Amino acid sequence: MSEKIKQHHLVSRPPIIVITGHIDHGKSTLLDYIRKTNVVDTETGGITQHLSAYEVSIPTPDKSGSGPRPQASGKITFLDTPGHEAFSGMRERGVGAADIAILIVSAEDGVKAQTIEALKTIKEAGVPFIVAINKTDKPSANVEKTKNELAEHEVYLEGYGGDVPYVPISAKTGSGVSELLDMILLVSELKELKTDPAKDGAGIIIESRLDQKRGISATLIVKDGTVKKGDFMVIDGVVSPIRIVETFLGKPIDMAHAGMPFGMAGFSKAPQVGSLFRTYKNKKEAEVSAGSFKNIAPSALRPKILGEEEVKLTKVIPLTLKADTLGTLEALEKEVVKIKTENVVFKIIKKGVGAIGETEIKLALAAKEDSIVIGFNVKCEPKAKDLAEREGVTIALFDIIYKMTEWLENEAKKRKPKVLVEETTGKAKILRCFSREKDRQVVGGRVLEGLIATGETVKILRRDFEIGKGDIIELQTQKIKTRDVGEGKEFGLLVASKVDVAEGDIIEAFRVVEK
């Protein structure tokens with residue numbers, strides 16, 4: 001089939017948006033305003049609060065006049081949390097949950113440390129973004145100062161020497177929010193988000209949980225194709241029949257289209273946040289796909305390959321909190337958020353008041369290995385304790401809050417992912433080449449920095465490019481054998497290598513360490 005014919009089947013899909021920025025700059029207020037003014041809630045009981053993604057409808061512009069540009073879908077899907085674990089999944093799996101990011105910055109406070117962190121995350125993910133300058137209704141708001149601070153961090157806005165779109169808004173009053181939504185639709189048009197509705201569905205897991213009545217369920221977003229009731233879904237090598245498909249409001253539907261968040265229940269194993277899914281029309285195709293995943297997963301998904309650029313691995317530790325009062329529970333949550341350990345994050349999967357029961361232990365088992373259940377001023381029921389001991393779930397009880405914080409910090413350090421890193425221990429320049437026999441060569445050089453030692457493996461660099469590796473067999477200074485040579489000294493060495501070392505080459509000694 002030609003590319004032209006293929007394009008005929010493509011249609012526009014709603015953009016998937018994540019809002020991120022400093023904790024006090026109005027992300028929640030903006031999401032609440034958008035949700036209240038654009039989500040038509042026809043279900044009794046309102047929006048299902050535990051879902052972490054929802055869809056809003058934007059009024060379709062009048063195509064007959066000279067009003068705003070037309071937009072195919074008039075819908076936008078929002079991820080409900082800016083620091084959502086789907087972003088961690090994005091970095092680990094190399095897949096983006098969001099199509100567009102909104103970087104929200106307060107016109108009062110300007111750029112803060114978390115603003116810079118959020119910006120770094122957006123750039124690492126390669127996601128186009130829009131700047132929303134919030135709190136413009138405040139007397140102390142200074143939009144121009146905020147623009148200048150953004151420029152100092154290499155965010156050049158439209159009209160200010162760059163091409164990053166921005167919209168001044170007040171999430172509290174709603175001023176500028178409709179313009180922000182229009183800007184989202186414009187950027188999505190330029191991004192040309194397309195899908196083939198006839199294709200099998202594919203997307204990403206946003207959230208998973210254990211429901212007492214329904215078992216393991218999840219929130220998912222379709223990135224391409226269509227998810228249909230009756231098909232089979234494959235996630236991380238596990239096949240699940242699609243029996244229940246719901247809108248984010250909990251309304252049963254037969255299919256979910258690209259760009260749409262939906263709920264699904266009936267998983268045999270809790271899917272991990274950030275995992276990819278794909279659907280198949282029959283079970284046999286799904287099982288073949290699952291088998292292929294199991295064969296390639298150990299190597300294809302490993303987080304660090306020695307010699308590549310450093311890859312950051314984020315370990316997510318599911319955490320359940322039980323306390324004696326709601327006030328205490330709120331304080332515990334704030335303490336957990338403060339814990340900062342590189343490449344480790346705690347994800348609170350459940351919180352509540354009362355004793356630790358079997359429900360909490362089963363949820364911890366369904367969520368992930370390494371789950372932790374914390375009790376503060378509460379007891380653990382005997383059956384729950386027995387189940388935890390049998391299944392290896394960690395339970396920790398506290399009555400002093402800083403003791404809990406210290407314990408969690410230590411646990412984070414102990415469970416921090418280990419990666420192999422190459423550290424350069426010495427560098428030398430080759431000045432003379434004397435003789436070569438088979439794979440061994442005698443050369444002379446001078447140590448530029450560090451230490452060169454017998455038995456070390458070295459990289460051989462020519463014009464800053466690695467051309468091969470070698471092993472130092474013997475090392476001499478002033479014709480006397482030595483174990484190592486320090487900075488500034490000349491030496492002769494016998495090196496075993498499959499490549500020829502030439503005058504002017506640089507050799508780098510290194511060691512592999514676990515960090």
(request) Out of 195, 173, report the one residue that is surrounded by fewer than 20 Cβ atoms within 10 Å (Cβ to Cβ) and of a type in the set (S, T, N, Q). (result) 173
(message) Exactly one condition in (1) closer than 30 Å to residue 361 by Cα; (2) open to solvent by 30 Å² or more (accessible area, probe 1.4 Å) is false for residue 274; which is it?
(response) (2)
(request) Evaluate the following for residue 74: is it modelled with pLDDT of 90 or more, of a type in the set (Gly, Ala, Ser) and surrounded by fewer than 22 Cβ atoms within 10 Å (Cβ to Cβ)? (result) no
(request) Determine whether the range 362-385 contains at least one residue that is within 12 Å of residue 322 (Cβ to Cβ) and acidic (Asp, Glu). (result) yes
(request) With a cut-off of at least 1 residues that are among the hydrophobic types (A, V, I, L, M, F, W, C) and more than 30 Å from residue 359 (Cβ to Cβ), name the strands (runs of 3 or more DSSP E) lying wholly within the range 168-277. (result) 202-211, 215-224, 255-257
(request) Please tell me if residue 247 is under 26 Å from residue 35 (Cβ atoms), surrounded by fewer than 20 Cβ atoms within 10 Å (Cβ to Cβ) and hydroxyl-bearing (Ser, Thr, Tyr). (result) yes
(message) What's the total number of residues in the range 362-376 that are modelled with pLDDT of 90 or more and more than 20 Å from residue 345 (Cβ to Cβ)?
(response) 2
(request) Please enumerate the residues belonging to the range 228-238 that are open to solvent by 40 Å² or more (accessible area, probe 1.4 Å) and in contact with a helix residue (DSSP H, G or I) (Cβ under 6 Å, 6 or more places away or on another chain). (result) 232
(message) Going by what's in this entry, would residue 459 be described as open to solvent by 60 Å² or more (accessible area, probe 1.4 Å), in contact with a Lys or Arg (Cβ under 8 Å, 6 or more places away or on another chain) and either among the hydrophobic types (A, V, I, L, M, F, W, C) or at pLDDT 90 or above (or both)?
(response) no
(request) Looking at (1) part of a loop (DSSP other than H, G, I, E, B); (2) open to solvent by less than 70 Å² (accessible area, probe 1.4 Å), find the lone condition where residue 139 falls short. (result) (2)
(request) Please enumerate the residues belonging to the range 476-515 that are at pLDDT below 90 and among the aromatic types (Phe, Trp, Tyr). (result) 510
(request) Would you mention how many residues in the range 331-361 are of a type in the set (S, T, N, Q) and open to solvent by less than 30 Å² (accessible area, probe 1.4 Å)? (result) 1
(request) Among residues belonging to the range 369-384 that are closer than 18 Å to residue 318 by Cα and touching a strand residue (DSSP E or B) at 6+ places or on another chain (Cβ under 8 Å), point out the one that is most open to solvent (accessible area, probe 1.4 Å). (result) 370
(request) Would you be able to tell me the number of residues in the range 98-144 that are over 27 Å from the mean Cα position of the chain (by Cα) and of a type in the set (A, V, I, L, M)? (result) 3
(message) Quick check on the range 256-265. Is at least one of its residues open to solvent by less than 10 Å² (accessible area, probe 1.4 Å), at positive phi and within 20 Å of the chain's Cα centre (by Cα)?
(response) yes
(request) Could you please tell me which pairs satisfy a Cβ distance under 7 Å, a separation of 6+ or placement on different chains, a first residue in the range 491-515 that is free of Cβ contacts under 8 Å to residues at least 40 places away in the same chain, and a second residue that is open to solvent by 20 Å² or more (accessible area, probe 1.4 Å)? (result) 499/467
(request) State all residues of the range 420-454 that are surrounded by 14 or more Cβ atoms within 10 Å (Cβ to Cβ) and of a type in the set (Gly, Ala, Ser); if no residue qualifies, say none. (result) 426, 428, 444, 445, 450, 453
(message) Looking at the range 395-419 only, could you name the residues that are within 20 Å of residue 357 (Cβ to Cβ) and loosely packed, with under 14 Cβ neighbours inside 10 Å?
(response) 399
(request) Starting from residues that are surrounded by 15 or more Cβ atoms within 10 Å (Cβ to Cβ) and polar (S, T, N, Q), keep the ones in the range 316-330 and report whichever is nearest to residue 275 (Cα to Cα). (result) 320
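The values are calculated or read from the model by the stated rules, or taken from the named source; none is laboratory data. The structure displayed is predicted, hence computed values, not measured ones. Positions of Cβ are backbone-derived with ideal geometry, glycine not excepted, and every protein chain shown enters the neighbour counts. Areas reflect the complete protein model, heavy atoms only, side chains present, ligands, DNA and RNA absent. Shrake-Rupley method; radii C 1.70, N 1.55, O 1.52, S 1.80 Å.
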